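S.K.: Sending over a structure as structure tokens; questions will come in a sec.
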Amino acid sequence: MTARATLGLGGNIGDPARTMAAALRRIDARDDTRIAAVSRLYRTPPWGITDQPFFFNACAAIETTLGPREVLDLCLETERAFKRERRERWGPRTLDLDVLDYDGMPYEDAALTLPHPRVSERAFVIVPLADIAPDLVFGERTVAEWAARVEREGIEQASEDGEWWRDEGDGR
């Protein structure tokens, strides 16, 4: 059985756009997972800890035969492959991959809660997610409705479309 999951991507150390693109190509190359859609790339102000470089953020939809926890494991494995170190919550990172939703189904264990409980609070997630999944529901609203309500100050579009990840360069 194939499920559709949505992922949030971000980073602000090194060349985050190139790292995110390479991570998506790595995920897409697997036999059990296929990239179905990718948002435009956005440059976003830091959140949580604000004394750090701007981030690049995007969202992707994948089609996969993996279960929700296995998708999380894939994200963590991919982060490690790109030298992600978890030192400081909301701190700088080479790559951040978050599972946002898995086929619209609730899921919870010690490491993962789906749908992601804070998606609607984060413009750096909801704005790119609206590019690829405007009708996805979080709480009582669709992503498009959340995106219309969120504060977008400082968020800049950094690619024309969702094809930026396919190029071996940074796609901007």
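The values are calculated or read from the model by the stated rules, or taken from the named source; none is laboratory data. Predicted model only: the values in this text are computed from it and were never measured. Glycine also receives a Cβ, built like all others from the backbone with ideal geometry; neighbour counts cover every protein chain displayed.
S.K.: State whether one or more residues within the stretch 140-160 are more than 21 Å from ARG4 (Cβ to Cβ) and of a type in the set (Lys, Arg).
M.R.: yes
S.K.: For the stretch 1-27, give me each residue that is more than 14 Å from ILE62 (Cα to Cα) and in a loop (DSSP other than H, G, I, E, B).
M.R.: Matches in the stretch 1-27: ASN12, ILE13, GLY14, ASP15.
S.K.: Does the stretch 102-109 include one or more residues that are small (Gly, Ala, Ser) and under 12 Å from the mean Cα position of the chain (by Cα)? Give the derivation first.
M.R.: Step one: list which residues in the stretch 102-109 are small (Gly, Ala, Ser), which gives 104.
Narrowing further to those that are under 12 Å from the mean Cα position of the chain (by Cα): none.
Taking every residue of the stretch 102-109 in turn, none turns out to be small (Gly, Ala, Ser) and under 12 Å from the mean Cα position of the chain (by Cα).
S.K.: Oh, and also: Looking only at strands (runs of 3 or more DSSP E) that lie completely in the stretch 28-123, which have at least 3 residues being surrounded by fewer than 18 Cβ atoms within 10 Å (Cβ to Cβ) and touching a residue at least 12 places away in the same chain (Cβ under 8 Å)?
M.R.: Values: elements: 33-38, 42-44, 55-64, 96-102.
Qualifying strands (runs of 3 or more DSSP E): 33-38.
S.K.: Give me a count of the residues in the stretch 53-72 that are over 22 Å from ALA144 (Cα atoms) and of a type in the set (A, V, I, L, M).
M.R.: 3
S.K.: Checking the condition at pLDDT 95 or above, of a type in the set (Ser, Thr, Tyr) and more than 14 Å from the chain's Cα centre (by Cα), which residue from THR64, THR6, THR78, THR50 passes?
M.R.: On the way: THR6 fails: more than 14 Å from the chain's Cα centre (by Cα); THR78 fails: more than 14 Å from the chain's Cα centre (by Cα); THR50 fails: at pLDDT 95 or above.
From the options THR64, THR6, THR78, THR50, the qualifying one is THR64.
S.K.: Being under 15 Å from the mean Cα position of the chain (by Cα), modelled with pLDDT of 95 or more and over 15 Å from ALA61 (Cβ atoms): is that true of VAL127 here?
M.R.: yes
S.K.: In the stretch 124-154, which residues are outside any helix (DSSP H, G or I) and buried (at least 20 other Cβ atoms within 10 Å of the Cβ)?
M.R.: To start, the set of residues in the stretch 124-154 that are outside any helix (DSSP H, G or I) comprises 133-142, 150-154.
Passing the criteria: ALA133, LEU136, PHE138.
S.K.: Now for a different question. So THR50 ticks every box in (1) farther than 25 Å from ALA147 by Cα; (2) out of contact with any helix residue (DSSP H, G or I) (no Cβ under 9 Å at 6 or more places or on another chain) but one. Which box is left unticked?
M.R.: Every condition holds for THR50 apart from (1).
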